[in-house]
1. What's the number of the only condition in (1) within 22 Å of Pro12 (Cβ to Cβ); (2) open to solvent by less than 50 Å² (accessible area, probe 1.4 Å); (3) of a type outside the set (Val, Ile, Thr) that Ala26 fails to meet?
2. Of the conditions (1) exposed (fewer than 14 other Cβ atoms within 10 Å of the Cβ); (2) in contact with a strand residue (DSSP E or B) (Cβ under 7 Å, 6 or more places away or on another chain), Gln19 satisfies every one except a single condition; which number is it?
3. Would you pick out the residues in region 35-50 that are open to solvent by less than 90 Å² (accessible area, probe 1.4 Å) and touching a residue at least 24 places away in the same chain (Cβ under 8 Å)?
4. Yes or no: Asp28 among the acidic types (Asp, Glu) and modelled with pLDDT under 95?
5. Given the criterion outside any loop (DSSP other than H, G, I, E, B) and open to solvent by 60 Å² or more (accessible area, probe 1.4 Å), identify the matching residue among Lys65, Lys57.
6. Those residues that are assigned to a loop (DSSP other than H, G, I, E, B) and either over 21 Å from Thr72 (Cα atoms) or touching a residue at least 60 places away in the same chain (Cβ under 8 Å) (or both), I need them from region 14-31; list them, please.
Amino acid sequence: MTDTATTITPKPNGPLLVQGPVRILAPDGTELAVPPRKDGRPAEVVVLCRCGGSATKPFCDGTHKRIGFCDTPPAPSPRPIPGAAPPS
């Protein structure tokens with residue numbers, strides 16, 4: 001690995017882009033091979049799944065687009081006011 005800083009950038013409604021040196025380990029500690037670029041060269045950016053739907057976890061396969069993944073948390077439900085009548 002080099003002394004280059006690693007950055008992780010969440011893409012809106014999409015994956016995490018990891019730029020810089022990175023090792024990805026499976027739960028058992030074995031290192032996972034980073035998929036090469038489409039042109040066959042080694043990847044310069046690792047794209048990690050954030051939606052949970054990828055068939056190639058932990059790597060992104062584009063499923064977030066098909067399933068409509070949204071990274072915006074839902075608005076919280078209003079809290080009831082003590083002593084107020086329940087909504088009808």
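1. It fails just one condition, (1).
2. Going through (1) exposed (fewer than 14 other Cβ atoms within 10 Å of the Cβ); (2) in contact with a strand residue (DSSP E or B) (Cβ under 7 Å, 6 or more places away or on another chain) one by one, Gln19 breaks only (1).
3. Pro35, Val45, Val46, Val47, Leu48, Cys49, Arg50
4. Numbers: among the acidic types (Asp, Glu): yes; modelled with pLDDT under 95: no.
No.
5. Numbers: Lys57 fails: outside any loop (DSSP other than H, G, I, E, B).
Within the list Lys65, Lys57, the selection yields Lys65.
6. In the first step, residues of region 14-31 are kept if they are assigned to a loop (DSSP other than H, G, I, E, B); the result is 14-15, 20-24, 26-30.
If the condition is that a residue be assigned to a loop (DSSP other than H, G, I, E, B) and either over 21 Å from Thr72 (Cα atoms) or touching a residue at least 60 places away in the same chain (Cβ under 8 Å) (or both), then Gly20, Pro21, Val22, Arg23, Ile24, Ala26, Pro27, Asp28, Gly29, Thr30 are the ones that fit.
Here's the yes/no breakdown for (1) in a loop (DSSP other than H, G, I, E, B); (2) over 18 Å from the mean Cα position of the chain (by Cα); (3) under 26 Å from Gly68 (Cβ atoms); (4) not β-branched (Val, Ile, Thr):
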site	(1), (2), (3), (4)
Ala5	yes, yes, no, yes
Pro12	yes, no, yes, yes
Ala33	yes, no, no, yes
Lys38	yes, yes, yes, yes
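The values are calculated or read from the model by the stated rules, or taken from the named source; none is laboratory data. Please read all numbers here as calculations on a predicted model, not as lab measurements. All Cβ positions, even for glycine, are placed from backbone atoms using ideal geometry, and neighbour counts span all protein chains on display. Note: accessible area is taken over every heavy atom of the protein model, side chains too, but ligands, DNA and RNA are not part of it. Shrake-Rupley method; radii C 1.70, N 1.55, O 1.52, S 1.80 Å.
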